[in-house]
Amino acid sequence: MTTLFISDLHLDSSRPAITELFGQFVRREGKSADALYVLGDLFEAWVGDDDPSEVGAYVASALREVADGGVPVYFIRGNRDFLVGQDYAAHAGFRILSDPAVVVLYGKPTLLLHGDLLCTDDVAYQAFRTQTRNPDWQAQFLSQPLQARLAFAAQARAASRAHQAKLREGGNDVRFETVTDVTPATVEATFARFGIDTMIHGHTHRPAVHTLRLGERECTRIVLGDWYEQGSVLRVDADGYRLESLQA
Ligand code: MN
């Protein structure tokens, strides 16, 4: 049996083929898995569980089928969908895990994260993250009318695009690549802090399996890919792992 990991689908109404690919994947593979983990940015944006989006309803019903079949489904919030709440989780049949979370996969303790916590070179983003994860900020935000929240989300996406463009300014792609990827020292500190040798995350959209030596330990960091042009899935079983793409 296999445990499945996906992240960074960024689902919204603009890419129906990817939403469909996700539906097929969870119905075909999810139902026979040991568990399904979604490590954040399942949605391109999420302004509250009361937003009646078609994509949200479709995803909930697909995940619900998997959960109702007895397969546990877990979710870690991403930087786009950090406002996914307990109402939606109950509706879709998944459990929300903390970020980071330690799980034991076939006897191996493994650290799961969305991945944004590892990108500490992006100081402006980390400040935004701290602000928006504050329960008081969230309560205040969620108390606003839905239209105001949707407008805020559109504005935040525009600001994020401008921030990324600024990082690329003057053709400085090295700076962009550094700031938007994980900070190596933070990765090492995170392995050390949790005392484990495997982590799985998404967020950077740079699918890869990295190995690094920390003292006596050989550590593995698996990065999931995004679902922009195709799907990306990590399949883990008792024998190891396979990071693969899914064709749309
Ligand atoms: Mn992300």
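The values are calculated or read from the model by the stated rules, or taken from the named source; none is laboratory data. Since we're looking at a predicted model, the values are computed, not measured. Accessible surface is based on the protein model in full, side chains and every heavy atom, while ligands, DNA and RNA are left aside. Shrake-Rupley method; radii C 1.70, N 1.55, O 1.52, S 1.80 Å.
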* **Share of carbon and sulfur in the accessible heavy-atom surface of the chain [1.4 Å probe, %]** => 52 percent
* Anything in the chain that counts as a DSSP H helix reaching 24 Å or more along its axis (C-alpha) with Kyte-Doolittle mean of at least -0.5? List them, would you? => 146-167
* Using only Cα atoms, locate the centre of segment 142-193 and the centre of segment 230-246, then give the distance between them in Å, rounded to an integer. => 26 Å
* To do: Decide, for segment 174-213, between rounded, prolate and oblate: order the square roots of the alpha carbon gyration tensor eigenvalues as a ≥ b ≥ c, take rounded if a/c falls under 1.5, and otherwise choose prolate if a/b is larger than b/c, else oblate.
  => prolate
* To do: State, as an integer percentage, the relative contact order of the chain based on alpha-carbon contacts under 8 Å between residues 6 or more apart.
  => 23 percent
* With the calculation restricted to Cα positions, what are the radius of gyration and Dmax of segment 3-246 in angstrom? -> 17.7, 54
* Asked: Averaged per residue, what accessible area in Å² does segment 3-246 show with a 1.4 Å probe, protein chains only?
  -> 47 Å²
* Return a whole-number percent for the relative contact order of segment 202-248, with Cα pairs under 8 Å and 6 or more residues apart as the contact set. => 29 percent
